[in-house]
1. Taking a quarter of the surface of the convex hull around the Cα atoms of region 54-143, what do you get in nm²?
2. Can you give me the accessible area per residue for the chain, using a 1.4 Å probe, in Å²?
3. Quick check: the distance between the Cα centres of region 50-125 and region 193-221, to the nearest angstrom?
4. Name the residue from ALA167, MET45, ASN21 whose Cα lies farthest towards the positive end of the charge dipole of the chain, charges +1 on Cβ of Lys and Arg and -1 on Cβ of Asp and Glu.
5. Please give me the summed charge of the neighbours of VAL91: other residues whose Cβ is under 13 Å from its Cβ, Lys and Arg +1, Asp and Glu -1.
6. Taking 25 Å as R0, compute the FRET efficiency from the Cβ-Cβ separation of ASN166 and ASP72 and round it to 0.05.
7. Over the alpha-carbon set of region 181-252, divide Rg by the Kirkwood Rh and report the Rg/Rh ratio to two decimals.
8. Two-decimal Rg/Rh of region 87-182 from alpha-carbon positions, Kirkwood Rh?
Amino acid sequence: MSLSALKSAKAWVLDRWFIKNPRLRLLITRFLYGTKDVVVSLMGMTLVVNPTRENGYLRASKIAQNSSFWRDEASSLCALFATLRPGDLFVDVGANIGVFSCLAARLPGVEVLAIEANPETFQRLQANCQLHGVQAINTAVSNVAEVLDFSMGAVSHVFAASIHRNAYHFGESVQIFARPLDDLVHGKGPVVLKVDVEGHELEVLEGASKLLSENRIHAVLFDASGAARKAAEWLESCGFALVDPTNFKPLTDDSGVFLALAPERFATLGFHKLNP
C-alpha cells in the first residue's frame, strides 16, 4: 500500500470510527483532556475553552506554543491586516520567504514591495512573489548606500549585518550592497512598513528621512528586539504613537512586537487616545 493510500485509509478510519461516533469521541476526549474549563493563548489572545467541547482550539493552542510562527507572528499578521488600507504601499523590509508580503497582497487595493538581503533566501522569496503578483528586490537596506558584511546562521531569519552578530551566527559571511529606503520606495501614496532586520532597524528608518519628512510613512511594524524598541522610540519622538499590535494598547516590557502609528493612521484606525 502506498503512503498516500495509507494516509487516506487512516483518515477514513478516524472519521468513521471516532469523529462520527460522538459517544466514543466524548468518552475518550474527556479521559485524555478532562472537562474543566482552561485558559489558553491563541493568535495573541487569551481564551477560555472547555477541553472536551472545544478540543480543537485546545490542541491548536498547544501546537502554537511550540511553533515560533504561530506563537510570535500570527498576531503580527492580524495587526498588519487591521492597519493596511486600500491605496497603501506595504514595504516588507527583511521579507524572508514572503509570508507577510504574499498575505498582504491578498488585500484589495494594497501594493506590496518585498525586500530581502540574503541572496539564497531571495531565490525562494522571488518564487513565492511571482506566485502572488508581488514585486521583490534583492538588496540590503540601511541609512546610506554602502557595502555591508552579513553573517549567516543556521536558519534564514537570523541573517544579519555582522555588526549585530551574536550567538545565533557562525563564521560564514557575505558582502551585500545596501541602499536607503528613500532610493527604493517611489510614488506618492501612504507607506506601511514591516521591518525585521535583526538589529538594523534604526538604520533602516534613518534611510527613510525623505519619506518621513513627506509624512508618507503611516505605520511601522517591528519584531521584538532591543534595537527595534529603540527604533520605535525614535519614531515616537517624531510624533508616532507606539502600540502593542496584539491588543492595540500601549507598549509594555512584555510586548513582543511593536507598532508605530503616524497621527494620520492613528486617527484612521479610530483612536483618539490610547487606553491603558
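1. Mean projected area of the Cα convex hull: 7.3 nm².
2. 55 Å²
3. A separation of 19 Å, based on Cα centres.
4. Checking the options against the dipole of the chain, the answer is ASN21.
5. Net local charge, VAL91 excluded: -4.
6. The value I calculate is 0.90.
7. 0.95
8. The Rg/Rh ratio comes out at 1.00.
The values are calculated or read from the model by the stated rules, or taken from the named source; none is laboratory data. These numbers were taken from a predicted model, which means no experiment stands behind them. Glycine also receives a Cβ, built like all others from the backbone with ideal geometry; neighbour counts cover every protein chain displayed. For the accessible areas, the whole protein counts, side chains as well, though only heavy atoms, and no ligand, DNA or RNA atoms are used. Shrake-Rupley method; radii C 1.70, N 1.55, O 1.52, S 1.80 Å.
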